[in-house]
Amino acid sequence: MIDNKFKIANKIFKSRLIVGTGKYKSFSECAKAIKTSGADIVTVAVRRVNISNKNKARLMDFIDPKKITYLPNTAGCFTAEDAIRTLRLAREIGGWKLVKLEVLGDKRNLFPEMIETLRSTELLTKEGFKVMVYCNDDPLMAKRLENAGAVAIMPLAAPIGSGLGIQNKVNIKIIRKQTKLPLIIDAGIGQASDATIAMELGCDGVLINTAIAKAKNPFQMAEAMKLAVISGRKSFLSGRINPNLFGSASTTNKGII
């Protein structure tokens, strides 16, 4: 079965792994990990990254935005107004229209504030932004985001940075069945097997930051995540066998002596 390309807002990407750029020890470590991962989309927190001061180290000096797609995000925003202002700034600075929206509800759990998220999606879409939306794993809210004009649905697997893996497979499956938009697991991945499970559930991609950046060996973990996403996608496309409570012998009973 030939795999279809990873398509977001009419743009084709080779890798289904999206990598964050935060929490690394240095820009050089970040760049090496991203290269090892094979990712061709990286998320960039607009308020964290130095874009204008050439006297200080800049992410762009290590990761070429002409070769890697930058996905500006609104990390650290807790209101629709704050998120919209941040993405307008990103558009003015770099011309970016494909963006990741993240409106948080509180500083402890970092869960998405879905009322503000929905309102932001509607307003940003009207302004011409292509909005990839970090959200909870509620199928009803995911559908509302799709109707509001989102170009990708990005439910959390677990709280940001927790490494707990996918906590609600059923809801992810429901969202997968009801949407034609790219479905990307965002937040909570802890190890390679989590990424494989996400892809086996039918997700189109996985976004990973902490699990790579804070691993004891981030470069080896980056490669592991790359292979996990590929493996999970191949497994999903292959069509798994139906689960059965009882055993089924591999060897036929015919011709037994």
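Looking at residue 224, is it under 15 Å from the mean Cα position of the chain (by Cα), under 30 Å from residue 26 (Cβ atoms), at pLDDT 95 or above and part of a helix (DSSP H, G or I)? For residue 224, the condition - under 15 Å from the mean Cα position of the chain (by Cα), under 30 Å from residue 26 (Cβ atoms), at pLDDT 95 or above and part of a helix (DSSP H, G or I) - is not met. The set of residues in region 196-208 being surrounded by fewer than 24 Cβ atoms within 10 Å (Cβ to Cβ) and in contact with a Phe, Trp or Tyr (Cβ under 9 Å, 6 or more places away or on another chain) consists of 200, 201, 202, 204. Condition check: surrounded by fewer than 21 Cβ atoms within 10 Å (Cβ to Cβ), touching a helix residue (DSSP H, G or I) at 6+ places or on another chain (Cβ under 8 Å), small (Gly, Ala, Ser) and in contact (Cβ under 8 Å) with a residue 24 or more places away in the chain. Does residue 232 satisfy that? Against the criterion (surrounded by fewer than 21 Cβ atoms within 10 Å (Cβ to Cβ), touching a helix residue (DSSP H, G or I) at 6+ places or on another chain (Cβ under 8 Å), small (Gly, Ala, Ser) and in contact (Cβ under 8 Å) with a residue 24 or more places away in the chain), residue 232 does not qualify. In this structure, residue 240 does not qualify as touching a helix residue (DSSP H, G or I) at 6+ places or on another chain (Cβ under 7 Å), within 30 Å of residue 9 (Cα to Cα) and either free of Cβ contacts under 8 Å to residues at least 12 places away in the same chain or not in a strand (DSSP E or B) (or both). Summed over region 173-187, the residues that are within 14 Å of the chain's Cα centre (by Cα) and buried (at least 24 other Cβ atoms within 10 Å of the Cβ) give a count of 4.
When the residues of region 5-33 are filtered to those that are surrounded by 23 or more Cβ atoms within 10 Å (Cβ to Cβ) and touching a Lys or Arg at 6+ places or on another chain (Cβ under 8 Å), the one that is nearest to residue 45 (Cα to Cα) is 17. Looking at 102, 116, just one residue is under 18 Å from the mean Cα position of the chain (by Cα), of a type in the set (Asp, Glu) and closer than 19 Å to residue 187 by Cβ, and that residue is 102.
In summary, strands (runs of 3 or more DSSP E) completely within region 53-157 and bearing 1 or more residues that are surrounded by fewer than 18 Cβ atoms within 10 Å (Cβ to Cβ) occur at 69-73.
Of all residues in region 206-221, exactly one satisfies the criterion of being assigned to a helix (DSSP H, G or I), of a type in the set (S, T, N, Q) and within 24 Å of residue 182 (Cβ to Cβ), namely 210.
The values are calculated or read from the model by the stated rules, or taken from the named source; none is laboratory data. This structure is a prediction, so every number in the text was calculated from the model and none was measured. Neighbour counts are summed over all protein chains in view; Cβ atoms, including those assigned to glycine, are modelled from backbone coordinates with ideal geometry.
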